[in-house]
1. Do any trypsin sites (Lys or Arg not before Pro) in region 111-143 lie in a loop, going by DSSP, with at most 16 other beta-carbon atoms within 10 Å of their beta carbon, and if so which?
2. Beyond 28 Å between alpha-carbons counts as too far, so tell me which of 54/91; 54/120; 127/174; 34/66; 34/162 fall in that bin.
3. For region 86-137, just say rounded, prolate or oblate: build the C-alpha gyration tensor, square-root its eigenvalues into a ≥ b ≥ c, call rounded for a/c under 1.5, and beyond that prolate if a/b exceeds b/c, oblate if not.
4. Relative contact order of region 53-127: what whole-number percent is it, with Cα pairs under 8 angstrom and at least 6 residues apart?
Amino acid sequence: PGIAMYRNAYDTDILTWSPQGRLFQVEYAMEAVKQGSATVGAKSNRHVVMVSLKRAPHAELSSYQKKIFRVDDHVAVAVAGLTADGRLLCKFMRNECMTHKFVYESTMPVSRLVTRVADKNQASTQKSGKRPFGVGLLVAGVDKTGTHLFQTCPSGMYFDYKAVAIGARAQSAKTYLENHFEAFGEPLARRPGEARAARAQPDARRERGAELEELQRVRGERRRAG
């Protein structure tokens with residue numbers, strides 16, 4: 001109880017720092033991303049693939065929530081976390097792409113678009129009366145410089161990846177991607193990367209078995225090395 005009261009004293013406003021230099025509202029937003037649907041992305045030299053686990057909020061009583069959105073002809077996003085926040089950021093990105101195309105008569109570079117949405121995320125962490133966006137984005141796109149796969153965070157940080165997973169049980173997907181990412185750059189025959197990204201989707205029925213198999217393999221390699 002004492003710890004809970006201590007933390008609540010510093011999480012009522014986005015501008016309130018704890019004595020340890022932490023912004024709890026930003027951490028809560030990051031936790032919302034971790035609790036979201038699993039989303040995986042991977043890229044090769046020519047393609048970018050994203051897959052997302054669609055959840056029905058109330059089993060058979062409702063439809064599935066859309067998790068992957070088209071932004072422009074060359075950009076798409078997948079969300080994990082609060083879907084409403086994801087739709088708002090997606091609308092913002094569409095407006096940015098339309099404005100850039102109107103002014104420069106060309107498609108917006110993916111890295112510039114990601115920088116703009118990251119700036120918008122960061123602005124929400126430094127203005128009183130606002131809250132951080134509780135959603136993480138995977139931004140996939142193709143432009144003149146090649147294929148791109150970015151991850152954005154509620155804190156305003158963004159990262160460029162070859163393969164990445166966010167959302168619930170993302171760690172097991174990351175483990176698979178880390179073991180196979182070297183093959184993503186190779187030109188593949190049918191829909192490159194899609195099969196790998198789908199296999200990386202965490203499946204609750206297979207997750208524990210896969211972890212045990214990986215542990216047994218590592219132990220076997222250590223015995224042979226010893």
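We did not get these values from a lab; they are worked out from the coordinates using the rules stated. Values in this document were obtained by computation on a predicted structure and should not be read as measured data. With ideal geometry, Cβ positions are generated from the backbone for all residues, glycine too; neighbour counts draw on all protein chains shown.
1. 127, 130
2. Listed pairs above 28 Å: 127/174.
3. Prolate is the answer for region 86-137, as a/c is 1.5 or above and a/b outweighs b/c.
4. Working: 54 pairs, mean separation 13.3, N = 75.
Relative contact order, region 53-127: 18 percent.
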